[in-house]
Every structure is written in structure tokens, then in C-alpha cells.
Amino acid sequence: MSNKAKLMEIHSAEATPAGGHYAQAIRHGDTLYVSGQLGVTRSTVDAAQVPIGQQVAFALGNIEKLAQAAGAGRNDVVKCTVFVTGIEHWDEANKAYAAFFGEHKPARSIVPCLPLHFGAKVEIEAVVALSE
């Protein structure tokens with residue numbers, strides 16, 4: 001049996017649709033891999049004025065919607081990679097991240113990066129544990 005047979009694309013109409021050649025999320029066995037979720041959308045007017053905290057909440061909300069589409073929730077997130085366009089945004093981003101997850105603390109990496117699509121200040125990808 002090929003590995004491809006074990007892969008299932010996960011969609012949520014409630015999350016921002018994929019904007020390129022990628023899936024919103026892929027399930028492989030009991031793991032969900034969520035593609036990077038931007039803090040704004042293509043249609044966001046003046047994205048630079050959207051506070052980083054709101055962008056983090058938006059991106060994590062999309063991750064939660066995709067997790068729910070696969071039968072999981074925010075407390076099943078085991079790892080996030082957070083890309084920020086400037087480390088000076090980190091204090092505010094971290095506060096929004098902590099407010100979203102509460103007592104749950106997934107493993108996390110922070111990666112300062114160059115500009116993101118549509119003027120976003122943050123992009124977050126996640127790995128989610130699923131039940132078989």
C-alpha cells in the first residue's frame with residue numbers, strides 16, 4: 001500500500017481557502033498537518049493596520065476550524081510554527097497566542113521572516129493529534 005493511500009485532504013468552508021497549489025490540511029493516520037494560515041486575507045483592506053494580536057487570533061481560529069473538520073480541537077494542537085515579519089511583534093503575538101490556548105501549551109517555534117502575502121504580519125502552521 002502506498003503512503004499516498006493513507007493521505008486525506010481536509011477542508012473547512014469556514015477557514016480561509018487555499019490560495020495556491022496546496023491543501024488547507026492533510027490527515028495522515030492520527031496526525032493532521034495544517035498549512036500556514038495568514039493573519040489576514042487577500043481582501044483585507046490595509047492589512048498593515050490590523051494589529052498583530054488580531055492576526056494571531058485569526059490565523060489560530062482558522063487552524064481550529066480545520067482541526068474541527070477532522071474531529072479535533074484547539075487542545076489537540078501539538079506543535080505550531082509561527083512566522084512573524086519582525087521579532088518586535090513577538091510580545092503582542094505571544095499574548096494573543098496565550099489567550100487563544102489558555103492552559104494548553106503546544107510545542108512552538110518562532111521564525112522571524114521577510115514580508116508575507118497580502119501584508120500579513122504573521123503566518124502559523126500547526127500539527128494536530130487526531131483520534132483514529
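Kindly indicate whether any position in region 111-129 is crowded, with 18+ Cβ neighbours inside 10 Å, over 15 Å from G36 (Cα atoms) and either at pLDDT 95 or above or among the charged types (D, E, K, R) (or both).
Scanning region 111-129 turns up no residue that is crowded, with 18+ Cβ neighbours inside 10 Å, over 15 Å from G36 (Cα atoms) and either at pLDDT 95 or above or among the charged types (D, E, K, R) (or both).
Restricted to region 19-52, and to residues that are of a type in the set (V, I, T) and closer than 18 Å to V122 by Cα, which residue is farthest from the chain's Cα centre (by Cα)?
It comes out as V45.
Which members of region 58-109 meet the condition of being surrounded by fewer than 16 Cβ atoms within 10 Å (Cβ to Cβ), in contact (Cβ under 8 Å) with a residue 24 or more places away in the chain and acidic (D, E)?
none
Restrict the check to region 71-87 and report whether at least one residue is closer than 15 Å to S12 by Cα and among the aliphatic types (A, V, I, L, M).
Yes, that holds for at least one residue.
Among the numbered conditions (1) more than 18 Å from L130 (Cα to Cα); (2) surrounded by fewer than 16 Cβ atoms within 10 Å (Cβ to Cβ); (3) more than 10 Å from the chain's Cα centre (by Cα); (4) not aromatic (F, W, Y), tell me where Q55 comes up short.
Looking at each condition in turn, Q55 falls short on (2).
For L32, only one of the following conditions fails: (1) over 16 Å from F118 (Cβ atoms); (2) without any contact (Cβ under 8 Å) to a residue 24 or more places away in the chain; (3) out of contact with any Gly (no Cβ under 8 Å at 6 or more places or on another chain); (4) of a type outside the set (S, T, Y). What is its number?
(2)
Out of all the residues in region 98-119, which are more than 16 Å from I63 (Cα to Cα), not in a strand (DSSP E or B) and not acidic (D, E)?
Residues satisfying the conditions are C113, L114, P115, L116, H117, F118, G119.
State yes or no: is V84 β-branched (V, I, T) and touching an Asp or Glu at 6+ places or on another chain (Cβ under 9 Å)?
yes
The values are calculated or read from the model by the stated rules, or taken from the named source; none is laboratory data. Owing to the predicted nature of the structure, the values given are computational and were not obtained by experimental measurement. So basically every Cβ, Gly included, is an ideal-geometry build from the backbone, and we count neighbours across all protein chains shown.
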